[in-house]
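Chemist: Input: one structure, supplied below.
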Amino acid sequence: MRITLATVALFATVSSPALAATKQYGALAINASGSQIATIEAADGGRPKITLRATNTGKILSTIDPCATCSYSGLTFSGDGTLAFLARNRTAGGVMLQVVRPGAAPQLVAMISGIAQTPRFSPDGKRIALLVTIGAAKEAGAAQAGVRQVGEIGEKNDEQRLAVFDLGLGPSAAAVVKPLSPAGRYIYEYDWTPDSRGFVVTSALGNGDANWWVATLDAVDAQTGAVRQIAKPATQLNFPRVSPDGKMVAYIGGLMSDFGAVGGDVWTVPIDGGPPVNITAGAKATATSLDWTMGGLRAVVLKGDQAQIASVSPTSGFSAARFSRPASFGAGDGRAVFSADGKRVATVVQDFTTAPAIYAGNVEKPRQITHDNDNSAPIVAVRSINWQNEGYDVQGWLLAPLNADPAKKAPMITVVHGGPSSASTPNFMERGTNADLIAAGYYLFYPNPRGSFGQGEAFVQANRRDFGGGDLRDILTGIDAVEKVAPVDDARLGMMGGSYGGFMSMWANTQTNRFKAIVAGAGLSNWISYYGTNGIDQWMLPFFGKTLYEDYDAYKAPSAIYFMKTAKTPTFIYVGERDIEVPPTQSVEYWHALKDMGVPTSLVIYAEEGHGIRSPANAADLRKRTIGWFDKYLAAGK
């Protein structure tokens, strides 16, 4: 179930031009030598442009902006320093694949009628590959707004396929896009083989939104498009990466909620096929991105409250952290990008009180090279909270208003992340619903209960077939831990969350009366009706073990709708009209039950939205309603 963000930010934030002072660094890439980086960034609140910087100093070397009506994405370097990028023209439609050779003007390689992502140069530099969806009916990803369900449904799906372009051809010859990979197969990720003659991909047949959970690791011939299965892992998999000698493939495998919610152990398998081997088994940490450099495997790891850059040994697992921060790391192709030899790294670092900055340099000790946001002042005080429950070590984040009176009891809202396989990690707080709640005097608690990343794969697996059980007990015990160290008023506790966090908010209302106000976004109230109506039903099999029709009781057990007589907490509910991950019927069912039980409730279904509220107008309305709901029942100002 999709929500990979650390908080409900996707559901409940909106940008305001008056507040957009913090510079963001998007699609970060590094060249092979590690001497240059490229990002997408805006100067002084203007339109984002491609920016080239020197890695050592952060000095801006040049900007690239060939299309005044385009947005940019997919930055990637070739071995000789050529930069490729995608330019999407939302006015005229379509996506342009362009390259910029050192000292030259941008050159058009291909025009895609549809959507595209993830360009990558072949190791020999002669070709470039791209994932394309010709004539896309919707944006890529199940979290995006779905198409209208009319006519004969389920017979036609968007297909994301590999396409390859010869860089020796001019733009006129490259105008026709001919996908390489076969029709009927959705390609999620890929990596070139070192000889430039093929690819390793993760792919599945049929509906790409629904079938990632049954994806296989495959080889694709770069000339014919022929597909050969390498392995069918028992876990979900992300970040397939081929070894420099072309003999092995590494990937991150584990229990994951959806494509893009990356977390697990590092596995390897021979490229010719064979049983995958878990080379980090038993680690009390979670790999969240992966790269295979000439200097060996490099991973970004979440370990407790620390984001870390580590090497990975095929025999001894994760190395001691090379770089560690209680922060979030981000880059265009993973959470960090590395030079070809693996000795240099670049990543965007931020936390709750420190605005984004690029760190780059030696992998052992990258340093801050951008200072555009140095004057961005924090609005919260932060503390990492650690506690134990039922034999598990659990961690979460407590955010308090700056200059909060330690002698005055304050209300607190527990923010439950989506997933369930995900984690709340630090991101700079300056605007949006959560920032407004802090400004109004609320404390915020972001727990990472069992099922979350950061404590190892066994911890992630611990809530299989136990949704709303051990994870809820971890959260309640975490609130107890917070109340021992902070002036939180136990009589004024609230809860909110989106997706899995929405389910937990709905479920908690039937299991405890400890919360006095709840906000549930895109939540599940009835796993039985949900199974037959959502657009991504395959995601439940790794978590429940069987289909609904084989194990009815397992799906009934965590369904709030069967326990509504015990629900007493006033609840505001919201959802997108075209949400295929958690259809609006789940919210309607829950709202109807609360109405019948006489519990104060309100439901808003936002038009044209998917699994997340993206329209600025809708997000502004949601923020106002959320704060108003908590103010009504928790009275932050008292």
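Chemist: Return a yes/no flag: does segment 370-384 have any residue that is open to solvent by 80 Å² or more (accessible area, probe 1.4 Å) and closer than 27 Å to Q455 by Cα.
Modeler: yes
For every residue, the table says whether it meets (1) over 30 Å from N448 (Cβ atoms); (2) modelled with pLDDT of 90 or more; (3) touching a strand residue (DSSP E or B) at 6+ places or on another chain (Cβ under 7 Å).
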| site | (1), (2), (3) |
| --- | --- |
| I3 | no, no, yes |
| A20 | no, no, no |
| K23 | no, yes, yes |
| A27 | no, yes, yes |
| Q36 | yes, yes, yes |
| E41 | yes, yes, yes |
| G58 | yes, yes, yes |
| S62 | yes, yes, yes |
| D80 | yes, yes, no |
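Chemist: Can V95 be described as touching a residue at least 60 places away in the same chain (Cβ under 8 Å), β-branched (V, I, T) and open to solvent by less than 30 Å² (accessible area, probe 1.4 Å)?
Modeler: When the stated conditions are applied, V95 does not pass them.
Chemist: Test I134 against the criterion of being among the β-branched types (V, I, T), at pLDDT below 90 and open to solvent by 70 Å² or more (accessible area, probe 1.4 Å), and give yes or no.
Modeler: no
Chemist: Pairs, please: C-beta under 9 Å, at least 6 apart or cross-chain, first residue over 14 Å from G273 (Cβ atoms) and in segment 231-242, second open to solvent by 10 Å² or more (accessible area, probe 1.4 Å) and small (G, A, S)?
Modeler: Hits for this filter: N238/G260; F239/G334.
Chemist: If we keep just the residues of segment 580-614 that are among the small types (G, A, S) and open to solvent by 40 Å² or more (accessible area, probe 1.4 Å), which is nearest to G419 (Cα to Cα)?
Modeler: Looking at the filtered set, the residue picked out is A607.
Chemist: Inside segment 211-276, counting only strands (runs of 3 or more DSSP E) that do not spill past its ends, which hold 1 or more residues that are small (G, A, S), touching a helix residue (DSSP H, G or I) at 6+ places or on another chain (Cβ under 9 Å) and open to solvent by less than 30 Å² (accessible area, probe 1.4 Å)?
Modeler: Because the criterion is at least 1 residues that are small (G, A, S), touching a helix residue (DSSP H, G or I) at 6+ places or on another chain (Cβ under 9 Å) and open to solvent by less than 30 Å² (accessible area, probe 1.4 Å), the strands (runs of 3 or more DSSP E) in segment 211-276 that meet it are 248-254.
Chemist: While we're on this one: Can you name the number of the only condition in (1) farther than 27 Å from K303 by Cβ; (2) at pLDDT below 95 that R492 fails?
Modeler: Just one mismatch for R492, condition (2).
Chemist: Considering only residues of segment 473-488 that are open to solvent by 10 Å² or more (accessible area, probe 1.4 Å) and assigned to a helix (DSSP H, G or I), which is nearest to F563 (Cα to Cα)?
Modeler: R473
Chemist: Considering only segment 388-413, how many residues are in a strand (DSSP E or B) and either farther than 20 Å from D351 by Cβ or among the aliphatic types (A, V, I, L, M) (or both)?
Modeler: 12
Chemist: So how many residues does segment 501-523 have that are open to solvent by less than 10 Å² (accessible area, probe 1.4 Å) and either within 21 Å of V147 (Cα to Cα) or aromatic (F, W, Y) (or both)?
Modeler: The total comes to 5.
Chemist: Restricting to helices (runs of 4 or more DSSP H) lying wholly in segment 530-599: which have 3 or more residues that are more than 23 Å from the chain's Cα centre (by Cα), among the hydroxyl-bearing types (S, T, Y) and within 28 Å of N513 (Cβ to Cβ)?
Modeler: It comes to 585-597.
Chemist: I'd like to verify a number: residues in segment 50-63 that are open to solvent by 80 Å² or more (accessible area, probe 1.4 Å) and more than 22 Å from V363 (Cα to Cα), how many?
Modeler: 2
Chemist: Would you check which residues across segment 284-311 are within 22 Å of M248 (Cβ to Cβ) and among the basic types (K, R) and list them?
Modeler: Within segment 284-311, R298 is the sole residue that qualifies.
Chemist: In addition: Looking at segment 153-162, can you tell me whether even one residue there is at pLDDT 95 or above and closer than 16 Å to Q223 by Cα?
Modeler: Yes, the conditions are met somewhere in segment 153-162.
Chemist: Quick one: what pairs do we get from segment 303-315, first residue touching a residue at least 40 places away in the same chain (Cβ under 8 Å), second of a type in the set (K, R) and open to solvent by 20 Å² or more (accessible area, probe 1.4 Å), C-beta under 6 Å, 6+ apart or different chains?
Modeler: A307/R325; I309/R322
Chemist: While we're on this one: For segment 596-617, give me the residue count where each residue is in contact with a strand residue (DSSP E or B) (Cβ under 6 Å, 6 or more places away or on another chain) and either among the β-branched types (V, I, T) or within 28 Å of K568 (Cα to Cα) (or both).
Modeler: 7
Chemist: (1) touching a residue at least 12 places away in the same chain (Cβ under 8 Å); (2) more than 28 Å from T118 (Cβ to Cβ): which one isn't true of R367, the others all being true?
Modeler: R367 satisfies every listed condition except (1).
Chemist: Just the residues that are buried (at least 23 other Cβ atoms within 10 Å of the Cβ), of a type in the set (A, V, I, L, M) and touching a helix residue (DSSP H, G or I) at 6+ places or on another chain (Cβ under 9 Å), please, taken from segment 442-472.
Modeler: L444
Chemist: Suppose the filter is closer than 28 Å to P583 by Cα and either in contact with a Gly (Cβ under 8 Å, 6 or more places away or on another chain) or free of Cβ contacts under 8 Å to residues at least 24 places away in the same chain (or both); does G501 pass it?
Modeler: yes
Chemist: State which residue is farthest from W213 (Cα to Cα) when the search covers only segment 525-555 and only residues that are open to solvent by 30 Å² or more (accessible area, probe 1.4 Å) and of a type in the set (F, W, Y).
Modeler: Of everything passing the filter in segment 525-555, Y552 is farthest from W213 (Cα to Cα).
Chemist: Then there's this: Is it the case, given these coordinates, that P583 is out of contact with any Cys (no Cβ under 6 Å at 6 or more places or on another chain) and under 29 Å from G441 (Cβ atoms)?
Modeler: No.
Chemist: Continuing with this model, one more query. In the set S376, S384, which member is among the polar types (S, T, N, Q), in contact (Cβ under 8 Å) with a residue 12 or more places away in the chain and outside any strand (DSSP E or B)?
Modeler: S376
Quick grid of which residues meet (1) touching a Leu at 6+ places or on another chain (Cβ under 7 Å); (2) open to solvent by less than 10 Å² (accessible area, probe 1.4 Å):
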| site | (1), (2) |
| --- | --- |
| L302 | no, no |
| Q308 | no, no |
| S311 | yes, no |
| T315 | no, no |
| P326 | no, no |
| A336 | no, yes |
| S339 | no, yes |
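Chemist: Can you list the strands (runs of 3 or more DSSP E) lying wholly within segment 282-371 that have 3 or more residues being within 25 Å of L52 (Cβ to Cβ)?
Modeler: The strands (runs of 3 or more DSSP E) meeting that bar are 286-293, 328-330, 344-350, 357-362.
Chemist: Further question: Tally time: how many residues in segment 20-76 are among the basic types (K, R) and either in contact (Cβ under 8 Å) with a residue 40 or more places away in the chain or assigned to a strand (DSSP E or B) (or both)?
Modeler: Summing the residues that are among the basic types (K, R) and either in contact (Cβ under 8 Å) with a residue 40 or more places away in the chain or assigned to a strand (DSSP E or B) (or both) in segment 20-76 gives 3.
Chemist: Here is a follow-up. Would you pick out the residues in segment 442-468 that are assigned to a loop (DSSP other than H, G, I, E, B), touching a strand residue (DSSP E or B) at 6+ places or on another chain (Cβ under 8 Å) and under 11 Å from L255 (Cβ atoms)?
Modeler: F453, A462
Chemist: Moving on. So which pairs qualify, if the first residue must be in segment 568-579 and closer than 15 Å to T533 by Cβ and crowded, with 24+ Cβ neighbours inside 10 Å, the second must be modelled with pLDDT of 95 or more and aromatic (F, W, Y), the Cβ gap must be under 7 Å, and the two must be at least 6 apart or on different chains?
Modeler: Filtered contacts from segment 568-579: G576/Y606.
The values are calculated or read from the model by the stated rules, or taken from the named source; none is laboratory data. What you see is a predicted model; the values in this text were computed from it and never measured. Glycine also receives a Cβ, built like all others from the backbone with ideal geometry; neighbour counts cover every protein chain displayed. Quick note on the areas: whole protein, heavy atoms, side chains included, nothing else; ligands and nucleic acids left out. Shrake-Rupley method; radii C 1.70, N 1.55, O 1.52, S 1.80 Å.
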